[in-house]
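To start, the structure itself, in structure tokens.
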2 protein chains.
Amino acid sequence: MIVNNLKPPYYAVIFTTVVSENLEDYEKTAQKMEVLASQQKGFLGIDSARNDIGITVSYWRTLEDITAWKNNTEHTLARNLGREKWYRTYQLRICKVEREYGFLK
Amino acid sequence: MIVNNLKPPYYAVIFTTVVSENLEDYEKTAQKMEVLASQQKGFLGIDSARNDIGITVSYWRTLEDITAWKNNTEHTLARNLGREKWYRTYQLRICKVEREYGFLK
């Protein structure tokens with residue numbers, strides 16, 4: 001399912017990626033980072049999809065919570081591996097969610 | 001490739017979806033809407049990925065540009081079909097992109 005229980009304002013980190021051919025340990029590390037992120041202060045949820053490109057959006061209470069997660073030691077090590085091995089290119093955007101609309105059949 | 005040439009501040013619309021079994025005309029309409037969106041005032045780019053869920057993020061210059069695209073007649077018809085036929089659930093978030101970091105190998 002998708003994250004749908006949040007009340008603006010809060011923050012979204014949009015992480016858009018193109019992976020390289022070398023994906024050794026990628027899935028394992030990605031899953032580990034998702035679990036670790038979900039244990040951090042201010043974490044609100046995460047949605048992820050991949051085909052030609054990957055888009056992962058994580059949701060956070062405050063900008064300070066995003067900075068703390070950025071500075072997490074295990075996350076920093078994983079990010080360095082990502083730049084070294086897994087990613088050809090990525091773009092990371094920090095956004096303030098101002099409005100939200102949901103639909104559920 | 002991914003959208004990577006933008007300078008904050010600008011706006012992102014994060015559209016997260018779960019589709020139903022009835023996907024008649026879905027791909028055709030989704031592609032048509034992407035082309036139509038790209039012709040609108042203030043459109044800056046779009047990234048899209050799908051596996052279990054779909055995530056489409058479109059980028060816009062201003063909130064007014066997003067409202068104008070929301071009120072576009074063809075887009076409104078497509079959105080109504082989406083609610084009627086294609087989507088089990090979706091979440092739409094309007095966000096201000098405040099900071100951005102890129103990586104290119």
### Task
Measure off, as a whole percent, the carbon and sulfur share of the 1.4 Å-probe accessible area of the stretch B:54-105, all protein chains present.
53 percent
### Summary
chain A accessible area per residue, 1.4 Å probe, protein heavy atoms, integer Å², reads 54 Å²
### Task
Write down the radius of gyration of chain A and its Dmax, each obtained from C-alpha positions, in Å.
14.1, 43
### Query
If we count every other residue with Cβ under 14 angstrom of B:Leu77's Cβ, Lys/Arg +1 and Asp/Glu -1, where does the sum land?
+3
#### Entry: Hull volume in cubic angstrom per residue (convex hull over the Cα atoms of the protein assembly as shown)
121 Å³
### Task
Would you pull out the residues with amide H under 5 Å of B:Leu44's amide H, same chain only if 5 or more places away, H placed 1.01 Å from N?
B:Tyr59, B:Trp60, B:Arg61
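To the nearest 0.05, how large is the calculated FRET efficiency for A:Asn71 and B:Asn4 if R₀ is 22 Å and r is the Cβ-Cβ distance?
0.35
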### Task
Return a whole-number percent for the relative contact order of the stretch B:42-95, with Cα pairs under 8 Å and 6 or more residues apart as the contact set.
24 percent
### Task
Return the calculated 222 nm mean residue ellipticity for chain B, to the nearest 500 deg cm²/dmol, obtained by summing -39500 (n - 2.57) across DSSP H runs with n ≥ 4 and dividing by the residue count.
-9000 deg cm²/dmol
### Query
Pick from B:Asp25, B:Asp47, B:Asp65: which is most flexible by mean-square fluctuation in a GNM of chain B where alpha carbon atoms under 10 Å apart are linked?
B:Asp25
### Task
Show which lysines lie in cross-link reach of B:Lys85 when reach means a straight Cα distance below 16 angstrom and same-chain residues fewer than eight apart are skipped.
A:Lys105, B:Lys28
### Query
Reachable aspartates and glutamates from A:Lys7, Cα under 13 Å, same-chain residues fewer than 8 places away excluded?
A:Glu98, A:Glu100
### Summary
Looking at the stretch A:38-72, residues buried by 50 Å² or more relative to their chain on its own, accessible surface at probe 1.4 Å, turn out to be A:Ala49, A:Ile53, A:Ile55
### Summary
Sorted by chain and number, the residues with a modelled amide H under 5 Å from that of B:Glu98, at a separation of 5 or more or across chains, are A:Ile94, A:Cys95, A:Lys96
### Query
Counting pairs of alpha carbon atoms under 8 Å apart in space and at least six apart in sequence, what relative contact order in percent does chain B give?
47 percent
## Note on the structure
With x for Gly and Pro, the residue-by-residue ³J(HN,Hα) of the stretch A:49-62, computed from phi through the Karplus equation 6.51 cos²θ - 1.76 cosθ + 1.60 at θ = phi - 60° and given in whole Hz, is 8, 8, 9, 5, 10, x, 10, 10, 10, 10, 10, 9, 5, 9
### Query
In nm, to one decimal, how far is the B:Lys41 label point from the A:Gln40 one, both placed 7 Å along Cα→Cβ?
3.9 nm
### Task
Springs between alpha-carbon atoms under 10 Å, Gaussian network over chain B: tell me which of B:Val57, B:Val19, B:Val35 tops the mean-square fluctuations.
B:Val35
### Query
For labels at B:Asp25 and A:Arg99 in the simple 7 Å Cα→Cβ model, what's the distance in nm?
2.7 nm
### Message
Take B:Lys32 and A:Thr62, extend 7 Å from each Cα along the Cα→Cβ direction, and tell me the distance between the two endpoints in nm.
### Response
4.8 nm
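Nearest 100 Å² is fine: how much accessible area is buried between A and B, summed over both sides, with a 1.4 Å probe?
4100 Å²
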### Query
Taking H as built 1.01 Å from N, whose amide H comes closer than 5 Å to the amide H of B:Asp25, not counting residues under 5 places away?
none
### Message
Which residue fluctuates most in the GNM of chain B (Cα springs below 10 Å): B:Gly82, B:Gly54, B:Gly42?
### Response
B:Gly54
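The values are calculated or read from the model by the stated rules, or taken from the named source; none is laboratory data. Since the model is a prediction, treat every value here as computed from it, not as a measurement. No Cβ is skipped: glycine too gets one built from the backbone with ideal geometry, and neighbour counts run over all protein chains shown. We work out accessible area using only protein heavy atoms, side chains counted, and drop any ligands, DNA or RNA first. Shrake-Rupley method; radii C 1.70, N 1.55, O 1.52, S 1.80 Å.
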